[in-house]
Amino acid sequence: MLDQEKKCSLIEATEGLKAGMFVHIHGYVSEHGEIQHATVHADAQYDSVYKRSAKQLDVIEKDTNLKLEINRNTWVDSKGTEYNRKAKDRTLKTGIKETVTPADPDFVEAIAKVRKSIVDPKTTTDNMVKIENSIYDNPNTDRTYLRNVLIHSKTIVQQGDYPISCQARVNAITDTIRKMLPIAQYRTYILDANEKVIVKVIENGAKIEKMFPRFEYVSLMGAGISSSSSEE
């Protein structure tokens, strides 16, 4: 942990941040309580990431020897018909594992879905205000964000507590393909030093909820900051 006199604001720490520089986020906690240490490339160009993803998708599509391993959940009725939602007389099936090849019709549809998301991405209004390279404020959420970054490496310290979600088979294939592309590493992090998140942890054999700071500290090219809500 940095000494008190060496601490500075996130904005001060990232002044002069340039594309490709490394930023390390230590002890970042997601909305679902996953704790990770992540090192990212700052100020990644959106267009460049998507162009590289499009080229890589072409390679995946043409690979006749490709085998994708998917893992999904679904609701099934008495006739074996699958659904994404819970309803009367439907049974939840989890951990369905399959191997998918390019000859599968759902693979062809999944490739088309991923390609559409690359060449014709949905536009959303996020009210972000750029402060510095990769640093944005959002007056609607009153949060600071590190965005337009690509994950270089990530270590999961604690798995998150994610709810079980069900999806159609083709969507599971689509998600698996997307994870193989650079766009899957394009991230946004919430970096508010005073924000805290509820995390479920095991203590004395029991699962309890504890409050954790959103992150422990951020370091940039040898400079760093610490969350004011972290313990010294």
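The values are calculated or read from the model by the stated rules, or taken from the named source; none is laboratory data. Computed from a prediction, not measured in an experiment: that's the story for all the values here. Positions of Cβ are generated from backbone atoms using ideal geometry, with glycine treated the same way; all protein chains shown enter the neighbour counts.
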From the list Gln45, Gln56, exactly one residue is among the polar types (S, T, N, Q), closer than 23 Å to Thr188 by Cα and modelled with pLDDT of 95 or more. Which is it?
Gln56
Taking the stretch 74-85 and the residues there that are touching a residue at least 40 places away in the same chain (Cβ under 8 Å) and outside any strand (DSSP E or B), the one that is nearest to the chain's Cα centre (by Cα) would be Asn84
Do you know which of the residues in the stretch 134-176 that are on the phi > 0 side of the Ramachandran plot and surrounded by 15 or more Cβ atoms within 10 Å (Cβ to Cβ) is farthest from the chain's Cα centre (by Cα)?
Ser134
Take the stretch 109-133 and flag every residue that is within 22 Å of Ala42 (Cα to Cα), surrounded by 15 or more Cβ atoms within 10 Å (Cβ to Cβ) and either in contact with a strand residue (DSSP E or B) (Cβ under 7 Å, 6 or more places away or on another chain) or not acidic (Asp, Glu) (or both).
Ile118, Met128, Ile131, Asn133
What number of residues within the stretch 44-59 are within 23 Å of the chain's Cα centre (by Cα) and surrounded by fewer than 17 Cβ atoms within 10 Å (Cβ to Cβ)?
9
Can you tell me which of Thr124, Thr101, Thr94 is touching a Phe, Trp or Tyr at 6+ places or on another chain (Cβ under 9 Å) and either at pLDDT below 95 or of a type in the set (Ser, Thr, Tyr) (or both)?
Thr101
Of the residues in the stretch 99-130, how many are outside any helix (DSSP H, G or I), in contact (Cβ under 8 Å) with a residue 12 or more places away in the chain and within 19 Å of Glu69 (Cα to Cα)?
5
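Does Gln36 meet the test of being at pLDDT 80 or above and surrounded by fewer than 17 Cβ atoms within 10 Å (Cβ to Cβ)?
no
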Could you list all residues from the stretch 155-206 that are assigned to a loop (DSSP other than H, G, I, E, B) and within 30 Å of Leu66 (Cβ to Cβ)?
Gln159, Gly160, Tyr162, Ile164, Ser165, Cys166, Gln167, Ala168, Lys179, Met180, Leu181
So in the stretch 18-73, with the set limited to residues that are in a helix (DSSP H, G or I), of a type in the set (A, V, I, L, M, F, W, C) and in contact (Cβ under 8 Å) with a residue 12 or more places away in the chain, which one is farthest from Ala172 (Cα to Cα)?
Val49
Restricting to the stretch 177-215, name every residue that is more than 16 Å from Ser30 (Cβ to Cβ), modelled with pLDDT of 85 or more, surrounded by fewer than 18 Cβ atoms within 10 Å (Cβ to Cβ) and among the β-branched types (Val, Ile, Thr).
Ile208
In the stretch 76-106, the residues that are out of contact with any helix residue (DSSP H, G or I) (no Cβ under 6 Å at 6 or more places or on another chain), within 19 Å of Thr174 (Cα to Cα) and either small (Gly, Ala, Ser) or surrounded by 12 or more Cβ atoms within 10 Å (Cβ to Cβ) (or both):
Glu82, Tyr83, Asn84, Gly95, Ile96, Glu98, Thr101, Pro102, Ala103, Asp104
